[in-house]
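Single-structure report; data block below.
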């Protein structure tokens, strides 16, 4: 289960979203996410892939090192598993 402000906003919990945004990091966000009482699995399932895709896009756009690894020619950047 996600523990970020977007998740809280998706579940219409602005108070928890605000606490997560001003919090100290992932551990606190995870703890705050447990305060939510209106989690809806169907809403999450319908929206989670788009949220993950957008988060990854933003991460790679903002970090040149990660972007370079992602765009490197095959075999030069990311780890892979080859079988013989």
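The values are calculated or read from the model by the stated rules, or taken from the named source; none is laboratory data. Everything numeric in this text was worked out from a predicted model, so none of it was measured. Neighbour counts run over all protein chains shown; Cβ positions are idealised from the backbone, glycine included.
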| query | Could you say which residue among 42, 28, 18 is over 16 Å from residue 4 (Cβ atoms), at pLDDT 90 or above and out of contact with any strand residue (DSSP E or B) (no Cβ under 7 Å at 6 or more places or on another chain)? | reply | 42
| query | Looking at the stretch 9-35, which of its residues are assigned to a loop (DSSP other than H, G, I, E, B) and over 17 Å from residue 48 (Cα atoms)? | reply | 23, 24, 25, 34, 35
| Among the numbered criteria (1) touching a helix residue (DSSP H, G or I) at 6+ places or on another chain (Cβ under 7 Å); (2) in a loop (DSSP other than H, G, I, E, B); (3) modelled with pLDDT of 85 or more, which single criterion is violated by residue 3? | (3)
| field | Condition check for residue 84: exposed (fewer than 10 other Cβ atoms within 10 Å of the Cβ) and modelled with pLDDT under 85 | value | yes
